[in-house]
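Okay, so here's the structure we're looking at.
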Amino acid sequence: MADVSRRTFLGAAALTSGWVVGEPAAWAEPESRKDRVYEQIVADARMVWRRVPTGWDNSPFLGNGFLGVQVYQGPEPNVLRFMLSHSLVQDQRAQWEAAVGLSRLPIGFLTLTLPGAVTAVDWTLDLWNAELKGTVTTTQGSLKFEALVHNESGVLLVSTTGDAQWGFTPLPSHTTRQIRIPPEYVGNPTPAIGPNYVEQPLIAGGGYSTAWQERQFGTRKLLTAAVHYGYPNSTGLAEALAKVKVLPNVASHRAWWNAYYTRSLVSVPDKWVQRFYWIQLYKMACATRRNAPVVTEWGPWFPDGGGSWTAVWWNLNVQVSYPLVNGSNHPELDAVTETFRRYHENLAFSVPPDYRDGKTYALAHPGDRTLRSGGPKLGSQIPDHATVGRPGTTTKTDQTGNLIWAMHGVWVSYQHTRERWVLQDVLFPILTKALNFYLHFLTEGSDGKLHLPLTRSPEVADASDCTYDLSLIRWAAGILPKLAEELRVEPDPRWRDVATRLVPYHENETGVMIGDGVALTASHRHFSHMLWMHPLREKTWDNPADRDIIKRTFDHWSSMRSAWAGYSYPAASTMSSMMGQPEQALAYLRHLLDGNVIGIAKLMPNTMYKEGSNLAIESPLTAAQSVLDMVIDSDPDLVKVFPALPWPDASIAGLRTQGAFEVDASRRAGRTEWIRIRSCAGAPLSLRHGLSGELDVRDERGRRLPWRETSPGTIAIRLRRGETAVVTPRGSRPDLRPRDVPAASAAPQWGMA
């Protein structure tokens, strides 16, 4: 262990903020800072531990989209584990299905061995700075520590004061999946272990390496640790060793996270909900970035004990995880669009060989971060598990709609940013090829309508004219001509034909059915037969003609909840918000947050969600989206402010909507006080404002802007790119600063108090 003088230490790059020294001046607040309300709200959302965490499902977590770290007590009474995981670390044996041959792989854990058994902890996960800090009390004394995963470098930094020894335990490099393991499967070789590194080669070539180094600074010690993945020619050992020799700048880490939180704001009187929302924003930035892999079921973390969800699930999980980045104004976290841009050519391998015409894409799951589902290469016989199968045959799967649903997410992202490259390079070409897959199978019936042969509604039943698939086909065929018009290219005439002649959904007295002759007769956690309502919005509550079928279908589905999973409740909450039922929306959300989901599914005290022994990241993330759906809603033609607010007060700032608008607003004592809306793309604005009486519409300098009322409560304002409108009751001059809404009642912190 190197010993460094105090003078050298104070000059080190990592310590420009005084992070390790801990002198009073090192923690002094900067003299100038953006409105402190953001820091106040995020600080209030901190998670605390007064009881010892014992596993991934109740521990604090750190990450930067690549390196993931969880901290908890191991089975030994005097050992803390820092579980290391990395979103790039996966196998590369593509001859098997992705969950096995392209499986994420466990790495191992650092051990902090203390002189006595742990008796108590006092930990705080400071979201504002993305740092874990606190004390560990043992039978032989106490230890102070601070830990973070550096945002830019991906290096774990741990500062300790007290007597403790570091070690590292590698985990076996093989898949933890237990389903359909080929008889010839073997794990990767035993790692090479050095004095401060572990090098793990892969059978397929390359590998991954973990390195660590500890330095002494007076009474304090600083550990740096890093994981580096290399494929196919390097195990990443040299890179990992080089990373831990450099002390990253803690100030830059803090600056990134502080700026991250000030991009938007949500404050409501229910602080249990508010804190949960901000923790999910923290979790999302820990789990993903535009340049990082799309989230697997576990995000960047690898739960101890592993499990079978070792890859990327595209039949719902990714699709419901990422909408949060849009409304919260964090396009820098959108790994989905970037993944399709980089790896779209691999989508051809999800198409059965008979239909690989160069114009057809599909998306089988599970897959890896490069959209591969595994199986032999192009031209070989593809096993059923490696493609989406063929509708109307025994190879059919419930994966036929995965790609269109994913493209709907890309479309929503595009509507929030209006970045043309998304439309031109990703959305239009891939959606075209995704619809082409279905065009191979649509046939004209005796009624003159286009029908779909037997497919499978995800996780529930086989059906011809499957509602899940029909809703996705109808959305794609309807949106593609509009996208072609934006790009000034000729539309495929088949699109309008499909949109016009596609068979209507099959219905009975309970609403829309799963498919032709197939009714929903038992509880079903997946809302696959309701995509036409949410998220596709083919039918909406704003249209009175749609309300009956929406209500009947929703009421029937929600009347049977015994098989619901965590994500079912946020889906029901969002649908309730769309139907203008705020109290019902909150009730569904609180059912999940309050720990009332029963059976194998449960939301944990650290806001992680588990089904059985598996980590499933999507449910809490989509629950945060349900909070956004209460305070803001939009489609390309309309922005709604406080559309389904179950509380009398709320403050929002910087929320992004379709049309690429940023919205600030305040509601107090049941009345909306003001709205400020900034155009980022110059799109037409239609605003449902919720204000009472006569209006003033001015720019930020107080000059009147032209506007017109298009219907009661809805106005149209023409804003150029970069222009802002402030909408207030006539004659009022409200305070336009965001605020932390007072708590309606006391609420505990998340964590283990």
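Details
- Residue-wise HN-Hα couplings along segment 496-505, as the Karplus relation 6.51 cos²θ - 1.76 cosθ + 1.60 with θ = phi - 60° gives them from phi, are 5, 5, 5, 4, 7, 10, 5, 4, x, 5 Hz; Gly and Pro carry x.
- Prolate/oblate/rounded call for segment 536-638, Cα gyration tensor, a/c under 1.5 rounded: prolate
- Overall, the accessible surface of the chain at a probe of 1.4 angstrom is composed of carbon and sulfur to the extent of 50 percent.
- Helical runs assigned H by DSSP (4 residues or longer) give the chain a calculated mean residue ellipticity at 222 nm of -7000 deg cm²/dmol, each run adding -39500 (n - 2.57) before division by the residue total.
- Stokes-Einstein diffusion of segment 131-244 at 4 °C, 1.567 mPa s viscosity, Kirkwood radius from Cα pairs, rounded to a whole number: 80 µm²/s.
- Residue 314 contributes about 0 Å² of solvent-accessible surface, heavy atoms of the protein only, 1.4 Å probe.
- Each of 232, 320, 222 was placed along the dipole of segment 199-322 (beta-carbon charges, centred on the mean Cα), and the one lying farthest toward the positive end is 222.
- Extension gain (nm, one decimal) between residue 447 and residue 522, 0.36 nm per residue minus Cα-Cα: 23.9 nm
- GluC sites (Glu not before Pro) restricted to DSSP loop in segment 93-186 with at most 13 other C-beta within 10 Å: 152, 184
- Placing +1 on the Cβ of every Lys and Arg and -1 on the Cβ of every Asp and Glu, with nothing else charged, gives the chain a dipole about its Cα centre of roughly 1420 debye.
- With a Förster radius of 35 Å applied to the C-beta separation of residue 551 and residue 668, the computed FRET efficiency comes to 0.65.
- Where labels lie 7 Å past Cα in the beta-carbon direction, separation of residue 165 and residue 508 in nm: 6.8
- Cα gyration tensor, segment 321-460 - rounded (a/c under 1.5), prolate or oblate: prolate
- Accessible area per residue was computed with a 1.4 Å probe on protein heavy atoms; residue 42 scores about 0 Å².
- Among 414-424, 200-210, the order from most to least packed when residues are scored by Cβ within 10 Å on average: 200-210, 414-424
- Counted by Cβ distance under 15 Å from residue 428, the other residues give a net charge of +1, where Lys and Arg count +1 and Asp and Glu count -1.
- Residue list for segment 421-435, given a label point 7 angstrom along the Cα-to-Cβ vector of residue 500 and an amide N cut-off under 20 Å: none
- Proximal charge balance of residue 276 [Cβ under 14 Å; K/R count +1, D/E count -1]: +2
- Taken along its principal axes, the alpha carbon cloud of segment 309-380 reaches lengths of 44, 27, 16 Å, longest axis first.
- When each of 482/539; 133/610; 133/221; 433/539; 133/245; 221/245 is checked by Cα-Cα distance, pairs over 21 Å: 133/610; 433/539; 133/245
- Cα centroid separation, segment 179-228 to segment 510-589 (Å): 46
- Within segment 148-256, the trypsin sites (Lys or Arg not before Pro) that combine a DSSP coil assignment with at most 16 other C-beta atoms in a 10 angstrom radius are 180, 245.
- FRET E, pair residue 203, residue 246, Förster distance 45 Å, beta-carbon r, rounded to 0.05: 0.90
- Taking a sphere under 15 Å around the Cβ of residue 334 and counting the other residues whose Cβ falls inside, with K and R at +1 and D and E at -1, yields a net charge of +4.
- Antiparallel bridge percentage (DSSP; both residues within the chain; nearest 5): 95
- Label-zone membership for segment 330-372, site residue 290, 7 angstrom Cα→C-beta point, backbone N under 19 Å: 330-344
- Average accessible area per residue (Å²) across the chain - probe 1.4 Å, nucleic acids and ligands excluded: 36
- Using a simple spin-label model with pseudo-atoms 7 Å out from Cα toward Cβ, residue 701 and residue 486 lie 3.2 nm apart.
- Rounded to whole numbers, the Karplus 3J(HN,Hα) couplings from phi for segment 163-178 are 8, 6, 10, 8, x, 9, 10, x, 9, x, 8, 8, 4, 9, 5, 10 Hz, using 6.51 cos²θ - 1.76 cosθ + 1.60 with θ = phi - 60°, and x at Gly and Pro.
- Label zone of residue 732 (point 7 Å out along Cα→Cβ, amide N under 16 Å): in segment 672-705 this covers 672-677, 688-698.
- The gain in end-to-end length when the residue 239 to residue 359 segment is fully stretched comes to 39.2 nm, 0.36 nm per residue minus the alpha carbon separation.
- Global form of segment 259-363, assessed from the alpha-carbon gyration tensor, a/c cut-off 1.5: prolate
- At R0 = 35 Å, FRET efficiency that the Cβ-Cβ distance of residue 181 and residue 54 yields, to 0.05: 0.75
- Estimated at 0.36 nm per residue, the fully extended path between residue 36 and residue 594 surpasses their Cα-Cα distance by 197.9 nm.
The values are calculated or read from the model by the stated rules, or taken from the named source; none is laboratory data. Every value quoted in this text rests on a predicted model; they were computed, and no experiment measured them. Here Cβ is always computed from backbone atoms with ideal geometry, including for glycine, and neighbour counts include all displayed protein chains. The accessibility values were calculated without ligands, DNA or RNA, using every heavy atom of the protein model including side chains. Shrake-Rupley method; radii C 1.70, N 1.55, O 1.52, S 1.80 Å.
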